[in-house]
């Protein structure tokens, strides 16, 4: 199988239904505009292209296994944001003193909540939200201080574990800052985890206290509390829920407000508290993991500070004018790091959720404003899945336009793509063609941060063009405190994750079995190893796995073996090309990258989701596709097929049409593909096919 996927985005194809004379006139106007703006753009773009082409990282010596460092940290890796601020409580104290009365954390007021019956009979909860209400740096500092003191009064001791199992919200960050201040080890768990994974994390860390919300207590924790014998106190961030008679004896439910009040009273008596050291554990972050139960990654204060120091250096002019929208899980290292970067630089953080993010989001009542429209953020983090969803939704809207509008959009899109490749801007296109698309995220976004998974070149370029801003694609792991690489804002190349951050260095280790070597030409390739102060302490109560994934070199520097395969471009930027766990050897001895199979097909409008699977005892890969109901129904209409959703999914004719679309996409993605009809749509609406 040819596992190469092009990292260059392609232009959109025009639908030849537009009047050729009109098309010629539009091309004439574009050419005239390009000529008139050539001189001013020439000087600007020269500077931009010079930056884009310059060396961004260099090997520290001439050996093939040499580590690469950012050109800004060749003489030494960065480890602190501000002098003397070597723990997270010191960083927040510094920020509080500098930005005391500035707004920090914002939450929208819920004005009304109602049930809305959908055409299919389902009931969706819809909300009407008001303005953002803000807490200042001083407000958050005082609340965190009181909450930490209150936890201390409930028996929480320094260097002991306390769990937070909660949605992303202001109270999450307040609770985290309290733990950092009082040297409590914060155990984070995804709100989407299943019962067994939650029980595993709580029992492994032996927590006595857990911070949660009423909804999660009622829907997830209630049924498993009896399975967590060490648990003594449950603190709800949004008011006290009803008590249940089936709760185990000895478990008490408190509100966050009550714990803060308890702490405020104790503060008046000047209760002392233990301050952390840089080497102390700040967070035990449970990763969702690709297989089995989640693992807890021990992240020290110094790990997090080094990581956010590296990230902050890649965001130019970060400061008080910036507004960040927080909606990704704070239990994920990407979101936690992004918010700590913003908090330490005087930015505002407005909270949201995937269900209320945009005007069209599922919980926003029609006619009401989503969170991006109200907040108008300048900074936003997103995982590729969300960007892919935005791309599909916008392209669906484009396809619904009139022929003239659609072709005008495509002409502007292709023109801007060409100009971006030359380092130029397109203010007229930005103002008249892409303004409406840009308004989907509030209209003020100046930088999109992307991480968590590989981002396709097509989606990355789409976000560049339609949202008129750079996409800072990054690479990092929970085990590296989220830090590794981020692309420079002026580097508009696609398919790369940038140069090493100033806090770390990266080297490539030979992987003989996969055929990747750091002596490969023209680009060195191998397993990515990350070294630096941001590399974490290892896995909680899992010494064997820690020894397998981490090591210290002769200089005492800690290194992480990521399991990802990368290659360095001549300018020092890293490209992720494979993953050791992702590569499966088929029966004939051929290696196949499951991630690349999925990447080749996941951006199809017809595909909502895809999972590729392979077994070494067989000579093919199986892919399970969840089709998009709207697109599949429209395809059936065009082909003259009728029936219910279930009937369409089980239709042999529909199956053949779907296979045609998948096959064409596989070929255009430069895959050698053979599809065999083996369909399992049925009740789960899954489509299975074979890729050779």
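The values are calculated or read from the model by the stated rules, or taken from the named source; none is laboratory data. Just so you know, these numbers come straight off a predicted model, no measurement behind them. Here the Cβ is made from the backbone with ideal geometry for all residues, glycine too, and neighbour counts use every protein chain on show.
Applying the criterion of being more than 22 Å from the chain's Cα centre (by Cα) and either touching a residue at least 12 places away in the same chain (Cβ under 8 Å) or under 27 Å from residue 591 (Cβ atoms) (or both) to the residues of the stretch 548-566, the residue that is surrounded by the most Cβ atoms within 10 Å (Cβ to Cβ) is 559.
Could you tell me whether any residue of the stretch 403-419 is surrounded by fewer than 18 Cβ atoms within 10 Å (Cβ to Cβ), without any contact (Cβ under 8 Å) to a residue 12 or more places away in the chain and within 20 Å of residue 473 (Cα to Cα)? Scanning the stretch 403-419, I find no residue that is surrounded by fewer than 18 Cβ atoms within 10 Å (Cβ to Cβ), without any contact (Cβ under 8 Å) to a residue 12 or more places away in the chain and within 20 Å of residue 473 (Cα to Cα), so the answer is no.
Every residue, every condition in (1) modelled with pLDDT under 95; (2) farther than 18 Å from residue 66 by Cβ, yes or no:
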| position | (1), (2) |
| --- | --- |
| 499 | no, no |
| 503 | no, yes |
| 507 | no, no |
| 578 | yes, yes |
| 591 | yes, yes |
| 603 | yes, yes |
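Is it true that some residue in the stretch 318-325 is within 16 Å of the chain's Cα centre (by Cα), outside the structural domain of residue 202 (by TED's automatic domain parsing) and within 20 Å of residue 140 (Cα to Cα)? Yes: the stretch 318-325 contains one or more residues that are within 16 Å of the chain's Cα centre (by Cα), outside the structural domain of residue 202 (by TED's automatic domain parsing) and within 20 Å of residue 140 (Cα to Cα).
Kindly indicate whether residue 171 is crowded, with 21+ Cβ neighbours inside 10 Å, more than 11 Å from residue 273 (Cα to Cα) and under 22 Å from the mean Cα position of the chain (by Cα). In short, yes.
Within the stretch 228-253, the set of residues being outside any loop (DSSP other than H, G, I, E, B) and at pLDDT 95 or above comprises 233, 234, 235, 236.
Assess whether residue 193 counts as being touching a residue at least 60 places away in the same chain (Cβ under 8 Å), within 25 Å of the chain's Cα centre (by Cα), outside any helix (DSSP H, G or I) and closer than 25 Å to residue 89 by Cα. So residue 193 fails the test. Out of everything in the stretch 281-317 that is in contact with a helix residue (DSSP H, G or I) (Cβ under 6 Å, 6 or more places away or on another chain) and part of a loop (DSSP other than H, G, I, E, B), what residue ends up being modelled with the lowest pLDDT? Ranking the qualifying residues of the stretch 281-317, first place goes to 293.
Within the stretch 608-618, is there a residue that is buried (at least 18 other Cβ atoms within 10 Å of the Cβ), out of contact with any strand residue (DSSP E or B) (no Cβ under 8 Å at 6 or more places or on another chain) and modelled with pLDDT of 75 or more? No, there is no match, as no residue in the stretch 608-618 is buried (at least 18 other Cβ atoms within 10 Å of the Cβ), out of contact with any strand residue (DSSP E or B) (no Cβ under 8 Å at 6 or more places or on another chain) and modelled with pLDDT of 75 or more.
Would you mind listing the helices (runs of 4 or more DSSP H) fully within the stretch 320-429 where at least 3 residues are out of contact with any strand residue (DSSP E or B) (no Cβ under 7 Å at 6 or more places or on another chain) and modelled with pLDDT of 95 or more? Don't jump to the end; show me each part of the working.
Working: elements: 333-343, 371-375, 384-399, 403-421.
Helices (runs of 4 or more DSSP H) meeting the threshold: 333-343.
Residues in the stretch 632-669 that are within 32 Å of the chain's Cα centre (by Cα) and either in contact (Cβ under 8 Å) with a residue 60 or more places away in the chain or not in a helix (DSSP H, G or I) (or both): 662, 665, 666, 669.
Only a single criterion out of (1) modelled with pLDDT of 85 or more; (2) in contact with a helix residue (DSSP H, G or I) (Cβ under 9 Å, 6 or more places away or on another chain) is not satisfied by residue 634, namely (2). Of all residues in the stretch 588-627, those being in contact with a helix residue (DSSP H, G or I) (Cβ under 9 Å, 6 or more places away or on another chain), touching a residue at least 60 places away in the same chain (Cβ under 8 Å) and part of a loop (DSSP other than H, G, I, E, B) number 4.
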